[in-house]
Amino acid sequence: MATVILVRHGRSTANTSGVLAGRLPGVKLDDRGHEQAAATAARLAGVRLSAAVSSPLERCKQTARVIAAAQSTPLALGTDRKLTECDYGDWQGRAIKDLAKEPLWKVVQSHPSAAAFPGGESMRAMQDRAVEAVRRHDRLVEEEHGPGAVWLAVSHGDVIKAILADALGTHLDLFQRIHVDPASVSIVRYTEARPYVLGTNTSAGDLSWLTPQPSARKPARRARKKTDDAVVGGGAGPTTAG
């Protein structure tokens with residue numbers, strides 16, 4: 001079972017100007033966004049990433065490049081359009097304060113599974129393509145690098161919230177209860193049994209425990225087969241290097 005680290009891009013120029021950027025070109029990280037990306041890269045420097053995939057939008061690629069550059073070994077960066085921002089259609093480029101007066105705003109807040117942006121896509125379609133992309137990449141990473149592999153996906157706030165809602169088994173109508181800050185880290189491990197959400201919206205803390213540590217013990221002749229079952233009582237937690 002591979003593990004995906006979901007990172008939202010750092011703060012962008014659109015975030016601070018109060019505009020819904022959507023897929024508009026030329027939206028990049030501001031100075032604070034660069035700082036946030038660097039801080040996240042430092043957190044992930046101790047994690048051996050096997051692969052990295054980003055939304056094709058510049059603010060995500062900027063964030064992903066900073067993280068990749070902090071790795072001890074070269075990390076190629078791919079892009080996937082299915083991880084791109086929601087297509088907000090006619091809402092794109094408009095001020096958030098004006099959009100909040102639209103009738104559709106209340107639908108997005110309370111019943112997002114029924115929300116479809118004029119000239120754009122529905123939130124349900126956004127979730128479907130993003131979840132499919134993450135699960136597909138996760139499967140490919142595990143096939144190539146093994147079940148202990150950890151990989152990176154850099155995307156957008158609503159997209160990551162939708163992926164987390166799916167992993168938590170939460171209906172899309174409740175996804176507004178999930179918060180994803182700029183440059184925050186969320187972690188999901190997919191297994192045959194179920195996804196495990198290992199962290200959401202974290203902005204600080206050591207993450208080196210995500211890299212499996214080599215065992216000093218010789219494998220038993222008849223080692224018990226690992227399962228994807230949840231440990232009753234919570235278990236002992238991850239093994240870290242001592």
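The values are calculated or read from the model by the stated rules, or taken from the named source; none is laboratory data. Just so you know, these numbers come straight off a predicted model, no measurement behind them. Note: ideal-geometry Cβ built from the backbone for every residue, glycine included; neighbour counts use all protein chains shown.
Identify, please: which residue in segment 106-129 is among the small types (Gly, Ala, Ser) and touching a Ser or Thr at 6+ places or on another chain (Cβ under 7 Å) and is, among those, surrounded by the most Cβ atoms within 10 Å (Cβ to Cβ)? Only one residue tops the list, namely ALA115. Of the residues making up segment 154-194, those that are modelled with pLDDT under 95 and of a type in the set (A, V, I, L, M, F, W, C) number 1. Cβ-Cβ contacts under 6 Å between residues 6 or more apart (or on different chains), taken from a first residue in segment 11-23 that is under 21 Å from ALA38 (Cβ atoms) to a second residue that is surrounded by fewer than 16 Cβ atoms within 10 Å (Cβ to Cβ), are listed as ARG11/ARG32.
Note on segment 120-138: residues that are farther than 19 Å from ASP173 by Cα and without any contact (Cβ under 8 Å) to a residue 12 or more places away in the chain amount to 1. Being hydroxyl-bearing (Ser, Thr, Tyr) and modelled with pLDDT under 95 is true of THR73. With a requirement of 2 or more residues that are over 27 Å from THR3 (Cβ atoms), the helices (runs of 4 or more DSSP H) lying completely within segment 43-122 that satisfy it span 96-99, 103-110. For segment 162-190, the candidate set comprises residues that are in contact with a strand residue (DSSP E or B) (Cβ under 9 Å, 6 or more places away or on another chain) and among the charged types (D, E, K, R); within that set, the residue that is farthest from SER12 (Cα to Cα) is ARG189. Only one entry of ARG48, ARG94, ARG65, ARG81 meets the criterion of being under 18 Å from the mean Cα position of the chain (by Cα), over 21 Å from VAL185 (Cβ atoms) and surrounded by fewer than 19 Cβ atoms within 10 Å (Cβ to Cβ), and that entry is ARG81.
Sub-9 Å Cβ pairs linking a first residue in segment 105-119 that is in contact (Cβ under 8 Å) with a residue 40 or more places away in the chain to a second residue that is loosely packed, with under 12 Cβ neighbours inside 10 Å, at least 6 apart or interchain, are SER113/HIS171, ordered by first then second residue.
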